[in-house]
Every structure is written in structure tokens, then in C-alpha cells.
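Q: The structure that follows is given in the form of C-alpha cells.
The values are calculated or read from the model by the stated rules, or taken from the named source; none is laboratory data. Bear in mind the structure is a predicted one, so any value in this text is a computation, not a measurement. We place every Cβ from the backbone using ideal geometry, glycine too, and count neighbours over all the protein chains shown. Heads up: the accessible areas ignore ligands, DNA and RNA and are worked out on the full protein's heavy atoms, side chains in. Shrake-Rupley method; radii C 1.70, N 1.55, O 1.52, S 1.80 Å.
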Amino acid sequence: MKIPDIIIAVDGYSSAGKSTFARSLAAEFGFFYIDSGALYRCVTLFALENGFIHSDMSLDEGGLSRALPGLDLVFTQTDNMRESFLINGRPVGDLIRSLEISNSVSQISSLAFVRDYVNGILQPYGKKGRIVMDGRDIGTHVFPNAQLKIFMATSLEVRSQRRYEEQIAKGENVTLEEVTQNLSKRDYLDSHREISPLVRAEDSYLLDNGNMTVASSLAWVKGLIQGKFGILE
Ligand code: DC
């Protein structure tokens, strides 16, 4: 299906399956996929490695704000939609997915100067369109004029069960209760922070993929796009 050079914003709660959905959508239309959360994770890694996050989780905000302009953060994407993030030229790999990073990223991403820094990297990608970007504030703040906005609001139960199964499959020693508590805490922090909290954009389409496969979510959005942009297949 050939579609216009639009921006597609995919927002929603942690572990709603945003990146799998957004990545498949980008692959389907030959668009560029951008995982905005990964940039917040990179800044968090930078903060940890440079001693701006102390062992008691307190933060040297002033130190981080002075150092951040010197951080060279770039990302590249391979043909199969896998991204590689580089911090001052060094690939970060899976380091940004560790529990240590997950535990501090909400605090880091709530800082205004961090959000400005990340948005400064994200926004130029909107110029040509043909992107799918996922995150928490893409349809509300980063690209309020995005032509298509999807909000993924899958129940906490479904998201916890999925995340729990993924972690068990990776050999991690967690209980369903721990996973549920962690997700519920992140939901709260993401939706109650002062700057750019996670809220559903009024002009977004709601996707609850609790009982849907990735293929059926894709079919749903393709139908939506056909209707919205008057595309005949
Ligand atoms: O999607 P994720 O779990 O990798 O995101 C990591 C963190 O970054 C999460 O706590 C929310 C934050 N985030 C944000 O504040 N705004 C975005 N656009 C994307 C992520």
C-alpha cells in the first residue's frame, strides 16, 4: 500500500508493545522507525557512567545539565529496522535495556533540559515525514501536527503478563507481582510528571491490542489509513 509522506506517532504505556507495532508499521510502508525512549535511555546511561546518578539514586542535576551539550548521541538503522545507538562514537548495544537503566530513566526523562536535548535530536526527523516514532509525548509535544496518532492503552494485567513471560524467557528471576508493581510505578511516573506527561492526544486513535496479534493490529491501522487518506488498494 502506498501512503503519503506522513508522520505516524505511536504513544502509550510501558510494555504495550509500541516498539514491535511501530517497527512493523515502518517496515510495511518503508518508513524510518525511531524509538524515542531509547534516547532517554542513552542519556541515562551517560548520566550513570559519568557519575551524575549516585548510588543512593540521587542526581547531580547541575553536573548533568552542564555535561549534556557535550554528549554526541547518534543513531543509525539497518534494513531490518534494528537501530544502533552511539554515545560519543561508542555503540551502546543492550546496555540501555538493563534494569539499572530502567530504574533511573523515569527520573532522567522528567528533567526539562533532558527533554529539550532529546527533542532537539528527534524533531529534525519530522521535516521529510515518512517516519514512525514511538514514545510517550510524540503526538502531544514532539509532533503535535502528526497526521496519524495512535495511542496504545493495553490493560496493566495484559502488559504485566507479557513482560513477565519475556523476562522469564530471558532467564530472569522475577515474579508476576514484581513486574506488575514496576509497570504500575512507571505508568504513574510517566503520566504524573510535570513536563510532557503521558496523556492521550485528543485526535489519536485508541488501540487496545490485548486480544490482538501484531498482524491484526497492522491490518487495523492499514484500514484506518485507507479510510483517513482516501487510499484505494
Ligand atoms: O519506551 P521506553 O520504556 O524505552 O522509555 C524509557 C523511558 O523514557 C520511560 O520511562 C518514559 C520515557 N520516555 C519519555 O518520557 N518520552 C518519550 N517520548 C519516550 C520515553
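Q: Please tell me if SER102 is open to solvent by less than 80 Å² (accessible area, probe 1.4 Å) and modelled with pLDDT under 95.
A: yes
Q: So which of SER160, SER204, SER191 is open to solvent by 30 Å² or more (accessible area, probe 1.4 Å) and small (Gly, Ala, Ser)? Explain how you work it out, then say what you get.
A: Numbers: SER160 fails: open to solvent by 30 Å² or more (accessible area, probe 1.4 Å); SER204 fails: open to solvent by 30 Å² or more (accessible area, probe 1.4 Å).
Checking each option against the conditions leaves just SER191.
Q: Still on this structure, I have one more. Just need a number here: residues in the stretch 89-101 that are in contact with a strand residue (DSSP E or B) (Cβ under 8 Å, 6 or more places away or on another chain) and assigned to a loop (DSSP other than H, G, I, E, B).
A: Of the residues in that region, 1 qualify.
Q: Provide a single number: the residues in the stretch 91-106 that are over 15 Å from the mean Cα position of the chain (by Cα) and near the ligand (Cβ under 9 Å from one of its atoms).
A: 0
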